[in-house]
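Colleague: A single structure is presented below for examination.
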């Protein structure tokens, strides 16, 4: 407290009076206090905001990640559904165009999946080879009508016939996500000895699943009763496949299929257990399959 020399008289007693603060000091003090209060409030608010953000950020991040994953999953489902729809249209068109090839493709798909399972391949590859089996002859959609009849192909027809793996692969490649299937379709007529088509690949250059398709196809062509060829018996077909193993067919998968054929637990009668529904077959619409 400040004191001055002035005094007042109260009941005859001199009482000193507080002196007035120096001019200007009160305003400066008030301004300083206000500044301190405002600065403290700002800092406290900033600290509270940082703390709130620190607490909320993980939850916001999780929400954003979850939303992105849900959006990506929906996009994948849409692409998958569109691809399945495209493949279904292809197979239904094949069935209407050529019932023999559709029946043959269903049988090849079934045999190929059995071979892949017996060979110990992962479930994904079993499904992949099954799909490739259904589509392996889709390139025959472009065949002229006379190649769908019961007579053997003429010499001039072989260029058209040998083009069907490549044409089929191009068609399958147009479906998003089916590049692997397309490569199997393209290579299913290649041979270990390099005398196949369209690229004359040899042995390990040929995708394993394409080699499985080749084995399955040979068996169905030789034993099917609706080809222009006289059908072979089960044992005769197996003997022929073993004869060409290593040159025309992959020897490992020939023996794997032989084990499947010998199994008492497998009924290989595709007329009773088809992989896809097929229209009524007639003897007038049959196609030749060569190897």
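Colleague: State whether one or more residues within the range 101-114 are surrounded by fewer than 17 Cβ atoms within 10 Å (Cβ to Cβ), at pLDDT 90 or above and over 20 Å from the mean Cα position of the chain (by Cα).
Modeller: Within the range 101-114, the subset surrounded by fewer than 17 Cβ atoms within 10 Å (Cβ to Cβ) is none.
The answer is no, given that none of the residues of the range 101-114 is surrounded by fewer than 17 Cβ atoms within 10 Å (Cβ to Cβ), at pLDDT 90 or above and over 20 Å from the mean Cα position of the chain (by Cα).
Colleague: I need every pair where a residue in the range 118-142 that is farther than 23 Å from residue 221 by Cβ has its Cβ under 7 Å from the Cβ of a residue that is assigned to a helix (DSSP H, G or I), sequence separation at least 6 or different chains.
Modeller: Taking only residues 6 or more apart or on different chains, the pairs are 125/116; 125/209.
Colleague: In this structure, is residue 220 within 27 Å of residue 154 (Cα to Cα), surrounded by fewer than 22 Cβ atoms within 10 Å (Cβ to Cβ), in contact (Cβ under 8 Å) with a residue 40 or more places away in the chain and touching a helix residue (DSSP H, G or I) at 6+ places or on another chain (Cβ under 6 Å)?
Modeller: Against the criterion (within 27 Å of residue 154 (Cα to Cα), surrounded by fewer than 22 Cβ atoms within 10 Å (Cβ to Cβ), in contact (Cβ under 8 Å) with a residue 40 or more places away in the chain and touching a helix residue (DSSP H, G or I) at 6+ places or on another chain (Cβ under 6 Å)), residue 220 does not qualify.
Colleague: I'd like to check something: does the range 145-167 contain any residue that is modelled with pLDDT of 95 or more, under 16 Å from residue 91 (Cα atoms), within 21 Å of the chain's Cα centre (by Cα) and assigned by TED's automatic domain parsing to the domain that holds residue 252?
Modeller: no
Colleague: Another question about this same structure. Of the residues 170, 260, 185, which is outside any loop (DSSP other than H, G, I, E, B) and under 19 Å from residue 100 (Cβ atoms)?
Modeller: Working: 170 fails: under 19 Å from residue 100 (Cβ atoms); 260 fails: under 19 Å from residue 100 (Cβ atoms).
Going through 170, 260, 185 in turn, the sole match is 185.
The values are calculated or read from the model by the stated rules, or taken from the named source; none is laboratory data. Quick caveat, the model's predicted, so the values are computed rather than measured. Virtual Cβ from ideal backbone geometry, glycine too; neighbours counted across all protein chains shown.
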